[in-house]
Amino acid sequence: MNTTSNPAAPEAPSGTQYRLTAGTHAATITEVGAMVREYTVGGRDVFVPFDEAEPAPVFNAAVLLPWPNRLRDGRYQADGATHQLAVSEPDRGTALHGLGCWYRWTPVEVSEDSVTLELALPAQKGWPFQLTSQVRYSLDAEHGLEVRVTTRNVGSGTAPYGVGFHPWLSPGGADLDMCTVRLDATEHVRVDERLLPTGVEPVTGDHDLRETRSLAGLDLDDAWVGATRDADGLSWCLLGCPDGRTPAVWMDDSMDCWQVCSADHIAGHRRLGLAAEPMSCYADAFNTGDRLVRLSPGDSHTVRWGATLR
């Protein structure tokens, strides 16, 4: 494992770079946000990368905590009090993707093929809780990337909590319309015009991705639950590409929600890849309570997911 840091040169916006290798697998993890800035197998991108000289443009493989996705009006109740967070997505009036992705994470353990980073998330306006999170990224020459996050409540009060991740699967230079998608999930989360949930329904039509289907004409920014699993207990999202390769993300039974986005409506990044986001809960869980984790003082919560190139 190599790190790059040159005090004589301007620091990268994403901070120190932790470079991991195992066989033909290579990944770069960033200090800021503990993001996967790049992940390749044999030089072929598995995730859409971003440049070391820029901040992550689209939450690239970020750790999304203490909530993934959106909170309605940035407002929620906990411990009998109403809390107001910054509305970071003003066009939809929501607080988007948590707090942890723009903090610097501290290295705990580093090696050639793994790195563990820690964030002590402080209490702040709209968030009166104190959490400590550790994320461990490891590469295996056969199985690829594995990610494990454990969060502990080190403060007082019961903290609402959810976690998710935001990798963009790379089409390998192809148009996304030339690719296919498969998602192991049986239920689709209905949303309103703000992409906030209104209910859950069995998958039908464009939201039934249980069998491999073309992405041509599919405009996706949706959540799914009812995750189905293979013999190893893993649920998968697969992006089939014209070069014959299939970037893939999996999650184990510590999570059962997916968000999949084709970036049709992200200015400057339209259809750059396919976001395949494992999550412990979907949008607005602080308000709906659906799949919300409540961390009492001293409690901890662990999730596990990973990625590879087939």
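Rounded to whole numbers, the Karplus 3J(HN,Hα) couplings from phi for the range 149-166 are 10, 10, 10, 10, 7, 9, x, 9, x, 8, 8, x, 8, x, 9, x, 9, 10 Hz, using 6.51 cos²θ - 1.76 cosθ + 1.60 with θ = phi - 60°, and x at Gly and Pro. Using Cβ point charges alone (K and R +1, D and E -1), the dipole size of the range 1-130 about the Cα centre works out to roughly 440 debye.
Distance between the C-alpha centres of the range 198-215 and the range 69-102: 28 Å, rounded to the whole angstrom.
Sorting the segments 24-33, 146-155 by their mean number of nearby beta carbons within 10 angstrom, highest to lowest, gives 24-33, 146-155. The residue list GLY240, PRO297, ALA283 was ranked by how far each Cα lies along the charge dipole of the range 193-310 toward its positive end, using unit charges on Cβ atoms, and GLY240 comes out on top. Scalar couplings 3J(HN,Hα) for the range 179-189, obtained by applying the Karplus form with A = 6.51, B = -1.76, C = 1.60 to θ = phi - 60°, are 9, 10, 9, 9, 9, 8, 7, 10, 10, 10, 8 Hz; x denotes Gly and Pro. Of the trypsin sites (Lys or Arg not before Pro) found in the range 216-290, those in coil by DSSP whose Cβ has at most 15 other Cβ atoms within 10 Å are ARG229, ARG270. When a 1.4 Å probe is rolled over the protein heavy atoms, the share of accessible surface on the range 183-269 that falls to carbon and sulfur comes to 47 percent.
Probing with 1.4 Å while keeping every protein chain in the model, the per residue accessible area of the chain equals 40 Å². Between SER88 and ARG104, the modelled labels are 1.9 nm apart [label points 7 Å from Cα along Cα→Cβ]. Note on surface exposure: ASP290, ASP219, ASP79 rank ASP79, ASP219, ASP290 by accessible area, highest first, 1.4 Å probe.
Dividing the helix sum by the residues of the chain, where each DSSP H run of 4 or more adds -39500 (n - 2.57), gives a mean residue ellipticity at 222 nm of 0 deg cm²/dmol.
Which of THR116, ALA26, ALA62 sits farthest toward the positive end of the charge dipole of the range 1-123, with +1 on the Cβ of Lys and Arg and -1 on the Cβ of Asp and Glu? Of the listed residues, the answer is ALA62.
The values are calculated or read from the model by the stated rules, or taken from the named source; none is laboratory data. Everything numeric here is computed off the predicted structure, so don't read it as measured data. Cβ: placed from backbone, ideal geometry, glycine included. Neighbour counts: every protein chain shown. Side chains are part of the model used for accessible areas, which takes the heavy atoms of the whole protein and leaves out ligands, DNA and RNA. Shrake-Rupley method; radii C 1.70, N 1.55, O 1.52, S 1.80 Å.
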